[in-house]
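Remarks on the structure that follows.
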Amino acid sequence: MSKKLLEVSDLSMRFGGLLAVNGVALQLKEKEIVSIIGPNGAGKTTVFNCLTGFYKPTNGVIRFNGEEIQGLPGHEIARKGVVRTFQHVRLFKEMTVLENLLVAQHRHINNNFFAGLLKTPSFRRAEKEALERAKFWLDTIGLTDLANRAAGNLAYGQQRRLEIVRCMCTKPTILMLDEPAAGLNPKETEDLNNLIRQLRDEFDVSVLLIEHDMKLVMDISDYIYVVNQGTPLADGKPAAVRDNPAVIKAYLGES
Ligand SMILES: Nc1ncnc2c1ncn2[C@@H]1O[C@H](COP(=O)(O)OP(=O)(O)OP(=O)(O)O)[C@@H](O)[C@H]1O
C-alpha cells in the first residue's frame, strides 16, 4: 500500500466573522493525483494557503510525512518539499525563461555567502547543476528555444508550464497546482494533463489540484474532495463524485 504523505484533519480558517474553511479533511498518498473542487468562493485556495503556510489555520492538524506542519512558515514547508503554483501566473516577467528556473534554485546555489563571493569549487558545482536542471526542465516542456526570451512574452499556456517546472526545479514531494488550466485552450489543457501525469509517473511527485475544468479533474484524479461554502460536501473516486446528487446540486445551484 502506498504511503500517506499528507493527512489533514478538521482544518478550519476564520477571517473575522467568515468561516472560510470549516472542518476540511483530506489525504494524499505517494504518487496520487488528488483534486479539491467546489463552487467559487468554496474555500479551496484558503485550504492551499493553510497547507503551504501562507495562513496559520484557526484549527486543525496538517501532517506531512507524519510530522505536524500547521502554522510553520511557508519557506519551511517549501523546504520540506511541499510547493505550489498560484491561481494567477507569478513568474518574474522581466527575467528570461532560464533565469526564472535559476532563481527558483537560489537556495541550493547561494546557501553560503562567502562560497558565492569566492566562487569556491562547491559553489561552481552547485551553479552548474542548477543550470543543467533548468535546461532539463526547459527541454521537458519544449521551451529550450525560448530560454532567453523574457518570461512575460511567452504564450499563456507556456507561462503556466514554466511555472510548474519552476516548482519541479526544487525537487518537490508534493506539487500543489491552483487552477492550472484556467485560461488554457483545449490543446493546452491536454498538454497540461499529460505534463501532470508525466511528473507523477516519471518524477514521483504527488499532486494536489484545485481545478474548475471538470473534464480534466474527472480524467486525471485518483480521488476528489468537494467543498461547498468551506464545508466538506463529498469525497470519492471521480465517477462517484460526478454522480453524487449533493455535488450536482451545489454546482447547478451556483448558476
Ligand atoms: N485573506 C482573506 N481575508 C478575508 N476573507 C478571505 C481571505 N481569503 C479568502 N477569503 C474569503 O474566503 C472565502 C473562500 O475563498 P477562497 O479563495 O478560498 O475560495 P475558492 O474556493 O478558492 O474560490 P475560487 O474558486 O473562486 O478561486 C471567500 O468568501 C473569500 O472572500
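The values are calculated or read from the model by the stated rules, or taken from the named source; none is laboratory data. Source: prediction; values computed, not measured. Glycine also receives a Cβ, built like all others from the backbone with ideal geometry; neighbour counts cover every protein chain displayed.
With respect to the stated conditions, Asn22 fails to be part of a loop (DSSP other than H, G, I, E, B) and farther than 19 Å from Thr170 by Cα. Among the residues making up the stretch 205-221, a single one is within 16 Å of the ligand (Cβ to nearest atom), without any contact (Cβ under 8 Å) to a residue 60 or more places away in the chain and either buried (at least 21 other Cβ atoms within 10 Å of the Cβ) or hydrophobic (A, V, I, L, M, F, W, C) (or both): Leu216.
Contact annotation: residue pairs with Cβ atoms under 8 Å, 6 or more positions apart or on different chains, pairing a residue in the stretch 51-74 that is at positive phi with a partner that is of a type in the set (Val, Ile, Thr), are Gly53/Ile69; Gly53/Ile77; Gly60/Val8; Gly60/Val24; Asn65/Thr173.
Pairs linking a residue in the stretch 88-106 that is aromatic (Phe, Trp, Tyr) to a residue that is at pLDDT 90 or above, with Cβ atoms under 9 Å and 6 or more positions apart or on different chains, are Phe92/Glu99; Phe92/Asn100; Phe92/Ala151; Phe92/Gly152. Within the stretch 80-104, the set of residues being within 16 Å of the ligand (Cβ to nearest atom) and under 18 Å from Asn153 (Cα atoms) comprises His88, Val89, Arg90.
Across the stretch 15-44, the qualifying residues are those that are small (Gly, Ala, Ser), modelled with pLDDT of 95 or more and more than 8 Å from the ligand (Cβ to nearest atom), and the one among them that is farthest from Gly236 (Cα to Cα) is Gly23. Check whether at least one residue in the stretch 221-231 is more than 20 Å from the chain's Cα centre (by Cα) and in a strand (DSSP E or B), and report yes or no. Scanning the stretch 221-231, I find at least one residue that is more than 20 Å from the chain's Cα centre (by Cα) and in a strand (DSSP E or B), so the answer is yes.
Here is a yes/no grid of residues against (1) under 19 Å from Ile77 (Cα atoms); (2) out of contact with any strand residue (DSSP E or B) (no Cβ under 6 Å at 6 or more places or on another chain); (3) among the small types (Gly, Ala, Ser); (4) not assigned by TED's automatic domain parsing to the domain that holds Met214:
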| position | (1), (2), (3), (4) |
| --- | --- |
| Ser2 | no, no, yes, no |
| Leu5 | yes, no, no, no |
| Ser9 | yes, no, yes, no |
| Phe15 | no, yes, no, no |
| Leu18 | no, yes, no, no |
| Gly23 | no, no, yes, no |
| Ile36 | no, no, no, no |
| Asn40 | no, yes, no, no |
| Phe48 | yes, no, no, no |
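Against the test of being farther than 26 Å from Gly236 by Cα, touching a Leu at 6+ places or on another chain (Cβ under 8 Å) and within 15 Å of the ligand (Cβ to nearest atom), the options Gly53, Gly74 yield a single qualifying residue, Gly53. Reported count of residues in the stretch 1-30, each being over 20 Å from Glu68 (Cα atoms) and surrounded by 16 or more Cβ atoms within 10 Å (Cβ to Cβ), is 2. From the residues in the stretch 1-14 that are under 19 Å from the mean Cα position of the chain (by Cα) and under 14 Å from Gly60 (Cα atoms), which one is farthest from the ligand (Cβ to nearest atom)? Per the criteria, the residue is Glu7. Identification of helices (runs of 4 or more DSSP H) wholly contained in the stretch 51-156 with 1 or more residues that are modelled with pLDDT under 90 and either surrounded by fewer than 19 Cβ atoms within 10 Å (Cβ to Cβ) or in contact with a helix residue (DSSP H, G or I) (Cβ under 7 Å, 6 or more places away or on another chain) (or both) yields 97-103, 106-109, 113-118, 121-140. No other residue among Glu188, Glu202 is part of a helix (DSSP H, G or I), under 25 Å from Glu99 (Cα atoms), touching a Gly at 6+ places or on another chain (Cβ under 7 Å) and away from the ligand (no atom under 16 Å from the Cβ) apart from Glu188.
Examine the stretch 127-142 for a residue that is among the polar types (S, T, N, Q) and more than 17 Å from Leu91 (Cα to Cα), and state whether such a residue exists.
Within the stretch 127-142 (the criterion being among the polar types (S, T, N, Q) and more than 17 Å from Leu91 (Cα to Cα)), the answer is yes, since at least one residue qualifies.
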